[in-house]
Amino acid sequence: MRQHAGYMLIGALFASVPLTAQTADTPAQATPAAIDAGRKIFHGDGACFQCHGANLEGGPIAPALAKGQFKDAKGGTFDAIVGVVSNGVLGTAMVSHPGGISDAQVQQVVAYVWAVSHGKTKP
């Protein structure tokens, strides 16, 4: 079967695009590397999964994050989520820098949470 050169070029271009490719609506901080690092921190040192669930489904003391319906990070923007993870939420179990993670790790966790909540990656 003969393929047109234009179709081959388009196919080659799309074959190299990662699932978490940058788009106009994706924050620059939400790179594939940051999302992967954030996933590891969320399920590891940050211990975020203990309250928010392994699939970000929420639990008895923490809201679901997977659907992007945030209680305290209004609008679910990258910066709003950074604010919650950096500062915690007064009167709740959400503490600043959970698990003692650094500011750089906060950015990575937020990249992961943002990507899951916006359908850019799976939990």
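Residues in the range 41-53 that are more than 13 Å from the chain's Cα centre (by Cα) and either among the small types (Gly, Ala, Ser) or under 15 Å from Ala111 (Cβ atoms) (or both): Gly44, Gly46, Ala47, Gly53. The residues on offer are Gly76, Gly38, and the sole one that is out of contact with any strand residue (DSSP E or B) (no Cβ under 7 Å at 6 or more places or on another chain), surrounded by 16 or more Cβ atoms within 10 Å (Cβ to Cβ), of a type outside the set (Ser, Thr, Tyr) and more than 17 Å from Gln105 (Cβ to Cβ) is Gly76. If you go through the range 81-93 one residue at a time, do you hit one that is touching a residue at least 40 places away in the same chain (Cβ under 8 Å) and farther than 20 Å from Ala37 by Cα? For the range 81-93, residues touching a residue at least 40 places away in the same chain (Cβ under 8 Å) and farther than 20 Å from Ala37 by Cα: present. The residues in the range 94-119 that are more than 13 Å from Lys40 (Cα to Cα), without any contact (Cβ under 8 Å) to a residue 60 or more places away in the chain and among the β-branched types (Val, Ile, Thr) can be counted, and the count is 1. Quick check: anything in the range 53-64 buried (at least 21 other Cβ atoms within 10 Å of the Cβ) and either part of a helix (DSSP H, G or I) or β-branched (Val, Ile, Thr) (or both)? No - not one qualifying residue is present in the range 53-64. Total residues in the range 89-98 satisfying the condition of being surrounded by fewer than 20 Cβ atoms within 10 Å (Cβ to Cβ) and touching a helix residue (DSSP H, G or I) at 6+ places or on another chain (Cβ under 8 Å): the figure is 3.
Of all the residues in the range 55-80, those that are among the small types (Gly, Ala, Ser), free of Cβ contacts under 8 Å to residues at least 40 places away in the same chain and touching a helix residue (DSSP H, G or I) at 6+ places or on another chain (Cβ under 8 Å) number 6.
All of the numbers you see were taken from the coordinates with simple rules; none came from a lab. Computed from a predicted model, the values in this text were never measured in an experiment. For neighbour counting, all protein chains shown are included, and Cβ atoms are generated from backbone atoms with ideal geometry for every residue, glycine included.
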